Structure formats: C-alpha cells, structure tokens
1. Taking the options Ser101, Ser135, name whichever one is surrounded by 15 or more Cβ atoms within 10 Å (Cβ to Cβ) and within 30 Å of Ala235 (Cβ to Cβ).
2. Which residues, taken from the range 123-145, are part of a helix (DSSP H, G or I) and either closer than 16 Å to Met191 by Cβ or polar (S, T, N, Q) (or both)?
3. If I ask for residues that are closer than 18 Å to Glu326 by Cα and of a type in the set (Gly, Ala, Ser), which ones from the range 187-237 would you list?
4. Tell me whether the range 314-330 contains one or more residues that are out of contact with any helix residue (DSSP H, G or I) (no Cβ under 7 Å at 6 or more places or on another chain), more than 20 Å from Asn193 (Cβ to Cβ) and not basic (Lys, Arg).
5. Looking only at the range 146-202, count how many residues are outside any loop (DSSP other than H, G, I, E, B), farther than 22 Å from Gly318 by Cα, away from the ligand (no atom under 12 Å from the Cβ) and among the hydrophobic types (A, V, I, L, M, F, W, C).
6. Kindly evaluate Arg246 against the criterion of being farther than 19 Å from Asn193 by Cα, in the same structural domain as Leu184 (by TED's automatic domain parsing), open to solvent by 50 Å² or more (accessible area, probe 1.4 Å) and touching a residue at least 12 places away in the same chain (Cβ under 8 Å).
7. Say whether the condition of being open to solvent by less than 100 Å² (accessible area, probe 1.4 Å), among the polar types (S, T, N, Q) and modelled with pLDDT of 90 or more is met by at least one residue in the range 43-54.
8. Could you tell me whether Ile119 is under 30 Å from Met330 (Cα atoms) and either under 52 Å from the mean Cα position of the chain (by Cα) or among the polar types (S, T, N, Q) (or both)?
Amino acid sequence: MTEISSIKSSFESIIKKIKSNNDLDQLQIKYLGRKGLVNNLLQSIDRLTQDERKDFGIKINELKTLIKHLIKVKRQELLKIENASDYIDITLPGKKYPKGSLHLVTYGVEEITKIFSRIGFIRMSYPEVEWEHYSFEALNMPKGHPARDDFETFFIDEPAHPKYGKMVLTPHTSSGQIREMQRLGKPPIRMINIGKCYRPNWDTSHTPMFHQFEGMAVDMGINITHLKGTINYFAKEFFGENRKIRLRPFHFQFTEPSFEVDITCGVCNGTGLLRNPEGSEAQKCRLCKSGWLELGGSGMIHPNVLKSGNIDSKKYSGWAFGFGIERVMMMKEGLKLDDLRIMYNNDIRFLEQF
Ligand code: PHE
C-alpha cells in the first residue's frame, strides 16, 4: 500500500514539470505501459492474502484512473500552449458585447415625431446650412433689425447670394415655416420640423449645437385655441396626463400675437410649493419656484411671413411654435443637470443611462 501512494506522489510531482508532448508520452509509458510501474505493482498481488487482494485491486484501479485523468488534463494544457492562437475552449462562456443605446435626444425626436403624426402633422427636416433670407428676411426680420441679435448666428465664409444673402448655420427651425409653405404652395399645412440649430453660446445651459422642433398649422379659420389645444395635447402625451400649459404674452418678429408657453411643473404639480411631511409651512418648489416651467416660443404667424410663403393672409391664418428638444427631455426625465454640456461630451457613463 505504501508503494501505491509513493507512485502516486512521484507521478504528481513529475507531471507538473512536463513541458512537451514527447515527455508526456514517455511518462505515460513509464507508468501505464505494459511493463510500467503500475503493472509492476500489480504483479506483487501474488504476495498478498486473499482478503488483502480485493482492497489492493481497488486502490490500483483508482491510481490508474487518476494517472489517466492527469495525463488527459496535461495534454489539453500543452495543446493550449502550443496553439495558443487557434485553441478554442468551447466550454468557456461567450464574450458579451456591450449593447448600445440611442442618444437621449434621438429618443426625444422619435417620440415627438410619433405624437404629432397621430394628429396629422407631417415630419420635415430642412437644411442645417441655410440662407439669411429664410432665417431672417422672410421671417419679418430685415437686416439690421435688433431682433436678429436674439438669434446670434454663425456665418459661412462664402460670398453672399444676390437674393438670399449670406449662408448661415440655421439658428432656429423657423426657416422651415417658409420652406414648407413654398413646398406645398397652398394650405392646409400641418408640419413638425425637427432639426439641429446653431448659435454661438457655450455655457452651463447652452451648447452651440442644439435641437428644436417647430410645429406649424395654416388653414382657413385657424386661431389661438387650436394652438393652445395642440400644445396641450403634446404636453399631456409627452409629460403626462395631469400637466397643463399656459400662454404668456411675449414678442417675436415673425408671430403676432406672440406667446411664451409654460407648462405646470411636474415636481410640485403646478402649485410652486412643496409641503413638508409634518404638514408644517410649505416651501417653494426648488425646480420651478413658481409652479411653471418655460417650454418655448409660439404665436399666430405674422401676415408678412405668410406673404413670404406665397400664402394669402386675408384668406388663411396659422400658428407656429418652436421648442428645444434638450430642454423638453430634461424636463421629462427630471434630469437636474447642473451642466447641459454633458449631453454632448460623449461620456459613456452618462449616455448609457438612457
Ligand atoms: N424661433 C423661435 C426661437 O428660436 C421660437 C418660435 C418659433 C417662436 C415659432 C414663435 C413661433 O426662439
């Protein structure tokens, strides 16, 4: 019996050091061959009593099985080392590739498109590189008009067109109003124009590239109630059933009257107040402070703008609104970002959360 365990331990220590198939073959012959150590040991069974033989036989068999197993494992190991490049261990779990996701703004564009298509608004995309004419003149903002300063603009370094002026990176989606009126030639028009816009601002709440969606409806008898109803519908679909909007008088050169659109704050439910749990005195809502959040601009399309689109302003009327996509996404997701630029830093830790 002591011989069995000494063969076992000597085998175990030798096999550890084996580095080639050749050596492994030799070792196999030495231990398991016809005249090998294990068979030799088996011969000594003659010297044992009948009782001892059975136990001895079992132990020898165990040793044989162990040696065979260790040789098999070693062969695989050697194979792996020799063909490191094309060895395939089919028992390994497969590689998991990281799954991508869409950008927050892309989700926004898709959802906004769907919401408006349900009420018959056609999705359009108009040029990102636009003429001054479409961005300003046709929108009732002649050269030198101070309102143009609100849309601080990137100019393309190319000679001006005699009729359309300089090329610009489109500073708002409102130029799409003119292009859509000219494309269709006559009402009814129901358009949602979604696109990239550019203005030279770079701070915690502005990036030089951002997105807007511009809604427009033109037909006979279109009035402010349709504007309000449409934005209300959007607000409920996009933000939730219990949100409400309001129109607040404002000024835009291309709409008259003009409004800024506010929506009730989702945190305080439009009350502007947050109740303390004990029922003691309520505090001002930290997000909105007043119960309302600003969505963007809107108004009834100015007759001069309809004229630029070759539409008879005596017969037809229309409205338009323009909202920022980054802004509505932040309001929807409840993201209280202290720096909006993180949306475009391509930091995977931010992006993969959506
Ligand atoms: N174009 C305006 C802006 O960029 C928004 C707007 C669109 C206002 C349509 C009125 C009508 O701020």
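1. Values: Ser101 fails: surrounded by 15 or more Cβ atoms within 10 Å (Cβ to Cβ).
Criteria check complete, one pass: Ser135.
2. Filtering the range 123-145 for residues part of a helix (DSSP H, G or I) gives 132-135, 137-139.
Across the range 123-145, the qualifying residues are Tyr134, Ser135, Ala138, Leu139.
3. Within the range 187-237, Gly195, Ser205, Gly215, Ala235 qualify.
4. yes
5. 4
6. When the stated conditions are applied, Arg246 passes them.
7. Quick first cut of the range 43-54, residues open to solvent by less than 100 Å² (accessible area, probe 1.4 Å) only: 44-45, 48-49, 52-53.
Pick out the ones that are also among the polar types (S, T, N, Q) and you get 44, 49.
Those still in the list that are modelled with pLDDT of 90 or more too: none.
No.
8. yes
The values are calculated or read from the model by the stated rules, or taken from the named source; none is laboratory data. Not measured: the values here are computed from a predicted model. In this analysis, Cβ positions are derived from the backbone assuming ideal geometry, glycine residues included, and neighbour counts consider all displayed protein chains. Note: areas computed on protein heavy atoms with side chains; ligands, DNA, RNA excluded. Shrake-Rupley method; radii C 1.70, N 1.55, O 1.52, S 1.80 Å.
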